[in-house]
Amino acid sequence: MAGNSKRRGATRNAGSKKGASVGTGGHGRKALEGKGPTPKAEDRPAHVAYRRKQRSETAAAKAPARPSRPRDKTSGSTELVIGRNSVLEALRTRLPATALKVFSRIEADDRVTEIVSLAVEHGVRVDEVTKASLDSLADGSPHQGVALEVLPYEYRDPADLLHAPAPLRIVVLDHIQDPRNLGAIMRSAAAFGASGIVVPERRAAGVTVAAWKVSAGAAARLPVARATNLTRTLEDYKKAGCFVLGLDADGDVALDASPLLDGPLVIVVGSEGEGLSRLVRETCDQIASIPISATTESLNASVAASIALYEASRAARR
């Protein structure tokens, strides 16, 4: 209104440089330019999380490096054999294989030539791969330019072994831990005409690459079963008409004097350190010992099994 035009402040001086402004946002944006996001607590030197991280990294740097170990498995469904001699032996004994990995620039010798020839002959896929790929598969172990992927062993049911031709002789291993012992027992069992071997499902050696190698091909001819409960399996064998003979240094009778050797027989071999477990021992019909020199503390599990199998085969021929 005209009457108010002379009120102080009612009109702006034409020479004023002040322009319209909205809040202080413009000034705030300028103040924050170039500072970026807030660092994590562990990246701020003044924060306790930063000092904790520093101590952890220092301790890790001082810790000794863990040596790499050979891997048995390449995946959940395959195992791995590495090295020229091992791969050649596996192919010669017809270890079930899925693929042969060969370094694309390998310097071939007689072993490599035979390895590739056997793989092609057995229908095994041959893949040329890089050294980095083989290094990753072998997990730091020396592979010499070749690796063989093999299928895991197919175990039988313990009841299947009862259908083997006579004389029936089954070897039950009470938690043998060393796969090389298992392989040696498999070799002896095949040599003396055993019907098969039973191993526990848990806390025991299985038919891995190591066991297969020591068996010298016996794993391809001898069935191996896995038992969920070893004591129950022995009871089932007894119900089927078998005698169960356990081996122990404190046996009730000398092995060669046992009257059980010439019938349907289950030979039970205890673990390397503890021998027969209590429940398994109580389930046996008889405990037999192998007479040895007083200067010798005990026999290896695979040696004891071999002697028992020999005595059983000899008794069956009488």
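The values are calculated or read from the model by the stated rules, or taken from the named source; none is laboratory data. All of these numbers come straight from a predicted model, not from anything done at the bench. For neighbour counting, all protein chains shown are included, and Cβ atoms are generated from backbone atoms with ideal geometry for every residue, glycine included.
Residue-wise test of (1) without any contact (Cβ under 8 Å) to a residue 24 or more places away in the chain; (2) under 16 Å from residue 220 (Cα atoms).
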residue	(1), (2)
158	no, no
163	yes, no
175	no, no
181	no, no
196	no, yes
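With the condition kept exactly as written, say whether any residue in the range 293-311 is modelled with pLDDT of 90 or more, part of a strand (DSSP E or B) and more than 32 Å from the chain's Cα centre (by Cα).
No, there is no match, as no residue in the range 293-311 is modelled with pLDDT of 90 or more, part of a strand (DSSP E or B) and more than 32 Å from the chain's Cα centre (by Cα).
Quickly run through the range 142-162 and pick out the residues that are surrounded by fewer than 16 Cβ atoms within 10 Å (Cβ to Cβ), touching a Pro at 6+ places or on another chain (Cβ under 8 Å) and within 21 Å of residue 210 (Cβ to Cβ).
Within the range 142-162, 151, 156 meet the criteria.
State the number of residues belonging to the range 92-115 that are modelled with pLDDT of 90 or more, crowded, with 18+ Cβ neighbours inside 10 Å and either within 23 Å of residue 219 (Cα to Cα) or among the basic types (Lys, Arg) (or both).
So the count comes out to 3.
Do we have residue 136 as in a loop (DSSP other than H, G, I, E, B), among the small types (Gly, Ala, Ser) and either within 30 Å of residue 198 (Cα to Cα) or under 18 Å from the mean Cα position of the chain (by Cα) (or both) here? Working first, answer last.
Working: in a loop (DSSP other than H, G, I, E, B): no; among the small types (Gly, Ala, Ser): yes; either within 30 Å of residue 198 (Cα to Cα) or under 18 Å from the mean Cα position of the chain (by Cα) (or both): yes.
Judged against the criteria, residue 136 is not a match.
In the set 210, 204, which member is within 17 Å of residue 269 (Cβ to Cβ), surrounded by fewer than 22 Cβ atoms within 10 Å (Cβ to Cβ) and aliphatic (A, V, I, L, M)?
Result of the check over 210, 204: 204.
Considering only residues that are touching a Pro at 6+ places or on another chain (Cβ under 6 Å) and either of a type in the set (Ser, Thr, Tyr) or exposed (fewer than 15 other Cβ atoms within 10 Å of the Cβ) (or both), look in the range 213-258 and name the one that is farthest from residue 280 (Cα to Cα).
Ranking the candidates gives 254 first.
So is residue 280 touching an Asp or Glu at 6+ places or on another chain (Cβ under 6 Å), assigned to a helix (DSSP H, G or I), buried (at least 20 other Cβ atoms within 10 Å of the Cβ) and of a type outside the set (Lys, Arg) or not?
Judged against the criteria, residue 280 is a match.
In the range 146-248, which strands (runs of 3 or more DSSP E) lie fully inside it and hold 3 or more residues that are over 21 Å from residue 259 (Cα atoms)?
146-150, 196-200, 224-227
May I ask you to list the residues in the range 117-133 that are under 16 Å from residue 97 (Cβ atoms), among the acidic types (Asp, Glu) and assigned to a strand (DSSP E or B)?
127
Does the range 89-116 hold any residues that are of a type in the set (Ser, Thr, Tyr), over 26 Å from residue 211 (Cβ atoms) and not in a loop (DSSP other than H, G, I, E, B), and which are they?
Let us first name the residues in the range 89-116 that are of a type in the set (Ser, Thr, Tyr), namely 93, 98, 104, 113.
Of the ones still in play, those that are also over 26 Å from residue 211 (Cβ atoms) are 104, 113.
Selection gives 113 alone.
Of everything in the range 117-126, what is surrounded by 14 or more Cβ atoms within 10 Å (Cβ to Cβ) and in contact with a strand residue (DSSP E or B) (Cβ under 6 Å, 6 or more places away or on another chain)? Give them in sequence order.
119, 124
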